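The values are calculated or read from the model by the stated rules, or taken from the named source; none is laboratory data. Bear in mind that the values here come from a model prediction, so they are computed numbers and not experimental data. Quick reminder, even Gly has a Cβ in these numbers, built from the backbone with ideal geometry, and neighbours come from all protein chains shown.
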Amino acid sequence: MEREEYELLDELDVEEDSSPVTRSSNWDLLGESFTEQIREHVEEHIGAVDRVMHEVVGDNIHLDLFVVPQGRGRDYLTVVTSGLSDKPMSVPKGQEGLRYAELLMRLPPSWPLFRESVKDGRHGWPIDCLKVLARLVGEDDLSLSCGEVVPNGDPPLPYHDSTQLCGVFLTNPRLEHGGLGHKAVGGQSVVNFYEVVPIYVEELLYRQRRGAEALKQRLLGDGRVHVVQPDRDNAAPVRRPFFF
């Protein structure tokens with residue numbers, strides 16, 4: 001996966017950033033307070049935003065990443081996108097409430113998320129993963145929804161040499177305080193939040209064979225919170241050879 005540059009800004013610098021930003025058409029519809037509403041929603045249901053990763057290279061979508069550090073009842077970092085919902089997704093008729101989405105991913109509390117560290121693919125691939133999903137929505141008209149899987153290419157390739165994870169599964173976020181699932185903004189518009197769970201190729205195939213709910217049970221069936229581990233156990237059942 002090609003490395004792309006991010007700049008890490010502290011809270012005081014975020015509002016002072018003067019880099020050019022191109023917002024998609026629905027930004028004017030939803031209003032300039034949209035990003036702040038997302039941040040307030042994140043801080044209400046997860047915790048205080050410690051820092052913001054601001055995308056230096058931008059095109060159709062300007063993507064910011066809110067980083068919430070570990071805290072009481074949360075032994076992990078949470079990274080939440082802001083900017084993906086600038087562009088409405090194409091959805092079937094009758095599902096207009098799913099047009100806008102943001103994503104979150106949980107990482108171990110010691111995961112280095114700083115300007116220099118994310119340039120190293122060992123640490124930066126989760127950030128690249130979120131960015132690629134945003135680009136697919138912005139440029140390839142991909143529609144994201146709960147239960148979907150998105151492979152990293154065709155055929156799926158590992159995000160980095162340090163892991164065999166090669167795709168993602170989208171699911172409803174499980175949080176201690178609950179309520180993060182969606183946020184009403186801009187009158188009738190609703191932003192839906194999906195958790196991004198990196199998965200192995202065997203889990204991608206299992207989703208194809210058995211469906212989204214079966215894979216969800218394999219990954220999160222006991223109610224646990226999913227924290228990214230590059231070398232975690234594979235949740236897909238072992239397919240034993242059949243001998244005649």
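Could you list, in sequence order, all residues of segment 114-126 that are in contact with a Leu (Cβ under 7 Å, 6 or more places away or on another chain) and either at pLDDT 95 or above or under 25 Å from ASN192 (Cβ atoms) (or both)? Hit for segment 114-126 is PRO126, nothing else.
Each row is one residue, and each column tells you yes or no for (1) surrounded by fewer than 19 Cβ atoms within 10 Å (Cβ to Cβ); (2) over 12 Å from the mean Cα position of the chain (by Cα).
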site	(1), (2)
GLU96	yes, yes
TYR100	no, yes
GLU116	yes, yes
ARG122	yes, yes
ASP128	no, no
GLY138	no, yes
GLY147	yes, yes
ASN172	yes, no
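Selection within segment 189-224: residues that are β-branched (Val, Ile, Thr) and touching a Gly at 6+ places or on another chain (Cβ under 6 Å). The member of this set that is surrounded by the most Cβ atoms within 10 Å (Cβ to Cβ) is ILE199.
A quick yes/no check of all residues on (1) out of contact with any Phe, Trp or Tyr (no Cβ under 8 Å at 6 or more places or on another chain); (2) part of a strand (DSSP E or B); (3) over 18 Å from SER189 (Cβ atoms); (4) modelled with pLDDT of 95 or more:
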| site | (1), (2), (3), (4) |
| --- | --- |
| ASN60 | yes, no, yes, no |
| VAL79 | no, yes, yes, yes |
| SER90 | yes, no, no, no |
| GLY97 | yes, no, no, no |
| GLU102 | no, yes, no, no |
| ARG135 | yes, no, yes, no |
| GLY153 | yes, no, yes, no |
| LEU157 | yes, no, yes, yes |
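The number of residues in segment 205-219 being free of Cβ contacts under 8 Å to residues at least 60 places away in the same chain and within 17 Å of the chain's Cα centre (by Cα) comes to 1. Entry remark, segment 127-174: residues being out of contact with any strand residue (DSSP E or B) (no Cβ under 8 Å at 6 or more places or on another chain) and not hydroxyl-bearing (Ser, Thr, Tyr) number 15 in total. If you check VAL191, VAL185 for being in contact with a Leu (Cβ under 8 Å, 6 or more places away or on another chain), at pLDDT below 95 and closer than 23 Å to GLU40 by Cβ, only one passes: VAL185. Considering (1) at pLDDT 90 or above; (2) farther than 18 Å from SER110 by Cα; (3) assigned to a loop (DSSP other than H, G, I, E, B); (4) among the hydrophobic types (A, V, I, L, M, F, W, C), the lone condition that VAL42 does not fulfil carries the number (3). A search for C-beta distances below 6 Å between a residue of segment 34-60 that is buried (at least 19 other Cβ atoms within 10 Å of the Cβ) and any residue that is at pLDDT below 90 and part of a helix (DSSP H, G or I), counting only pairs 6+ apart in sequence or on different chains, returns VAL52/VAL14. When only residues in segment 149-170 that are under 14 Å from the mean Cα position of the chain (by Cα) and aliphatic (A, V, I, L, M) count, which is surrounded by the most Cβ atoms within 10 Å (Cβ to Cβ)? For segment 149-170, the residue satisfying everything is VAL168.
If the condition is being more than 20 Å from PHE169 (Cβ to Cβ) and part of a helix (DSSP H, G or I), then segment 104-132 contributes SER117, VAL118, LYS119, GLY121, ARG122, HIS123, GLY124.
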